[in-house]
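Derivation of every value follows stated rules applied to the coordinates shown; laboratory data play no part. Computed from a predicted model, the values in this text were never measured in an experiment. Note that each Cβ is placed from the backbone with ideal geometry, even for glycine, and that neighbours are counted across all protein chains shown.
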Amino acid sequence: MSYVDGFILAVPTANKDKFIAHARMGDSVFIEYGALRVLECWGDDVPHGKLTDFYGAVKATEDETVVFSWIEWPDKATRDAGMKKMMEGNDPRMDPEKNPMPFDGKRLIYGGFEPALELTR
């Protein structure tokens, strides 16, 4: 069964191109380490809630856009091995000096998930 890492973050809207360049470089590492697919989704129709919402979850400001991303892995073992390799810090594409995050990483929310239901066409 597959495994998914999910991410929600706030990116300064003015940094959209920088974010895409950062993601393009870093996400290729996940693919090389076994991920099947990586999606970076720029907020387009993200409503403000009355009690809670994506903006509040990442403390987004008015000049930031919420980004919703995920990495699909074939299984948790591949994900664990890929993440371990990525965290070892040997790949220059993940070096913050060479590929700085164009957003506040302290407000990034992430987690690993086991699919509970999958419907396909």
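How many nm separate the modelled label positions at Ala14 and Leu36, each set 7 Å beyond the Cα in the direction of the Cβ?
Those two pseudo-labels are separated by 4.1 nm.
Once you've got the GNM for the chain with C-alpha springs shorter than 10 Å, pick whichever of Asp45, Asp95, Asp27 has the biggest mean-square fluctuation.
Looking only at Asp45, Asp95, Asp27, the biggest GNM fluctuation is shown by Asp45.
Points 7 angstrom from Cα along the Cβ direction at Met1 and Asn90: gap in nanometres?
Placing both labels 7 Å beyond Cα along the Cβ direction yields 3.2 nm.
So how much slack lies between His48 and Glu62, counting 0.36 nm per residue of separation and subtracting their Cα-Cα distance, in nm? Before the final figure, lay out the partial values.
Values: separation 14, 0.36 × 14 = 5.04 nm, distance 1.15 nm.
Computed gain between His48 and Glu62 is 3.9 nm.
Take Lys98 and Ala116, extend 7 Å from each Cα along the Cα→Cβ direction, and tell me the distance between the two endpoints in nm.
Between Lys98 and Ala116, the label points sit 4.0 nm apart.
Identify the GluC sites (Glu not before Pro) of the range 59-121 meeting these criteria: DSSP loop state and at most 11 other C-beta atoms within 10 Å of the C-beta.
On the way: sites: Glu62, Glu64, Glu72, Glu88, Glu97, Glu118; in loops: Glu62, Glu88, Glu97, Glu118.
Sparse-neighbourhood loop GluC sites (Glu not before Pro): Glu62, Glu88, Glu97, Glu118.
Restricting to Cα pairs below 8 Å that are 6+ residues apart, what does the relative contact order work out to for the chain? Please round to a whole percent.
Numbers: 190 pairs, mean separation 58.3, N = 121.
Dividing the mean separation by the residue count of the chain yields 48 percent.
Hull surface divided by four, with the convex hull built on the Cα atoms of the range 1-47: how many nm²?
Working: hull surface 17.2 nm².
With every direction weighted equally, the projected area is 4.3 nm².
Would you work out the Kirkwood radius for the chain? I mean one over the mean of 1/r across all pairs of different Cα atoms, in Å.
Working: mean 1/r = 0.0650 Å⁻¹.
Taking the inverse mean of 1/r over all distinct Cα pairs, the chain comes out at 15.4 Å.
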